[in-house]
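Inspection log for the structure reproduced underneath, given as structure tokens.
The values are calculated or read from the model by the stated rules, or taken from the named source; none is laboratory data. Here the structure is a predicted model, which means the values were calculated and not measured. Here the Cβ positions follow ideal geometry from the backbone for every residue, glycine too, while neighbour counts run over all protein chains shown. Please note that ligands, DNA and RNA were not included when accessible areas were found on the heavy atoms of the full protein model with its side chains. Shrake-Rupley method; radii C 1.70, N 1.55, O 1.52, S 1.80 Å.
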Amino acid sequence: MKTYLLTWNPNRSPEPEMPRQANATAAGKTVIGRWSCGNTKQIEIGDRVFLIRLGVEPKGIVGSGWVVKPPYFDTHWDVQKQADGKKGLFVMCEWERILNPTIDVPLSINKLPRWNIGEKSWTPQSSGIKIPTHIVSELESLWAKHIGVSSLGDVFVDDEISAFEGEERIALIRHRKREQKLRDAKLKQTKTKNNGRLVCEVPGCGFDFEKVYGELGKDFAHVHHLKPIGDRNSPSLTSLDDLVIVCANCHAMIHKGGKCRPLEGLIHAS
Ligand SMILES: [Zn+2]
Ligand SMILES: [Zn+2]
């Protein structure tokens, strides 16, 4: 998977829909829309994209998502060029998060890691440049911190996710994001109900991190989302009841090979 930088200059393209879309993403939904990718034709389904706001202060990263349709020609975004009958090259993106330009502060361009001299890294001539691989993990963690998402849940699935491409990868990531987003709330709810304990809910398991690891394992468990991977219908409707407490082993087995297995029958009775 590669990571690309898409640019936005509000002076040239006002994007009046953006506040509404931003609010939807803040509520946990994803938003699908086209974005100009300059002249870059090699972008593929499942590639990661970041959106940067330029031309107007404050400059910085304002969105992130994945490509769900590779570059295609469509009506130009520029009104003048549109009137001249010109076409532009676009990718269709599924945005996991867009910041609201009227209230949110972008992840400042001054905080971003550089790979070119001066500010040039983040102010390219056109949309659709590739972000060098060695910058990406720092960018991801700065962004996760900026939008207030813990990156805890990403750690163990990385290998699993990297084995997939295209739409399968997006579905897996979406599933993981849902688990991540409500993880803390689910842990809190379960502890309250269950005398402060977090016990794996897979039938036949019952692993309790605190019991085994003592203080170190206190408050630790994975949270698994029961709805199958690839269910696109209700990304916003995840409730705490759709989530279960699982141990790391069971969670890895549930998802092994990019699947989403039911809890029942996961553990072999011996
Ligand atoms: Zn899971
Ligand atoms: Zn377990």
Rel. contact order, % - alpha carbon contacts under 8 angstrom, at least six apart, the chain: 17
Tell me, in nm to one decimal, what length is gained between residue 239 and residue 87 on full extension, where the rule is 0.36 nm per residue of separation less the Cα-Cα distance? 50.5 nm
In nm, give the distance between the simple-model label positions of residue 227 and residue 126, each being 7 Å from the Cα along the Cα-to-Cβ direction. 3.9
Given labels modelled 7 Å from the Cα in the Cβ direction, how far is it in nm from residue 192 to residue 248? 2.8
Net charge around residue 72, counting only other residues with Cβ within less than 12 Å of its Cβ (Lys, Arg = +1; Asp, Glu = -1)? +3
Theoretical FRET efficiency, 1/(1+(r/R0)^6), r = Cβ-Cβ of residue 211 and residue 17, R0 35 Å, to 0.05: 0.10
So, for the chain, what is the accessible surface per residue at a probe of 1.4 Å, expressed in square angstrom? 53
Too long at a 23 Å Cα-Cα cut-off: which of 211/256; 29/191; 191/211; 29/86; 193/259; 211/259? 211/256; 29/191; 29/86; 193/259; 211/259
Per 0.36 nm of contour for each residue apart, how much would the distance between residue 165 and residue 140 grow if the chain were fully extended, relative to their Cα-Cα spacing? 7.1 nm
Over the chain: helical MRE at 222 nm, DSSP H runs n ≥ 4 each giving -39500 (n - 2.57), nearest 500: -8500 deg cm²/dmol
Peptides ranked, highest mean first, by Cβ atoms within 10 Å: ranges 182-194, 71-83: 182-194, 71-83
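Could you order the peptides 168-178, 23-33 from most to least packed, using the average number of other C-beta atoms within 10 Å per residue? Each step should come with its number before you reach the end.
Details: 168-178: 20.4, 23-33: 16.1.
Listed from highest to lowest mean packing, they are 168-178, 23-33.
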Sequence neighbours fewer than 8 away in the same chain don't count; with that in mind, list the lysines whose C-alpha is under 26 Å from residue 111. 2, 59, 120, 130, 145, 177, 181
Given a Förster distance of 35 Å, report the FRET efficiency between residue 264 and residue 103 from their Cβ-Cβ distance, rounded to the nearest 0.05. 0.20
Using the Cα atoms of the chain, I'd like the radius of gyration and the largest Cα-Cα distance, Dmax, both in angstrom. 20.8, 73
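Looking at the chain, what % of its DSSP beta bridges pair antiparallel, to the nearest 5?
Working: 31 of 37 bridges.
Taking every DSSP beta bridge with both residues in the chain, the antiparallel ones total about 85 percent.
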By per-residue mean of other Cβ atoms within 10 Å, what is the highest-first order of 91-104, 216-229, 255-268? 91-104, 216-229, 255-268
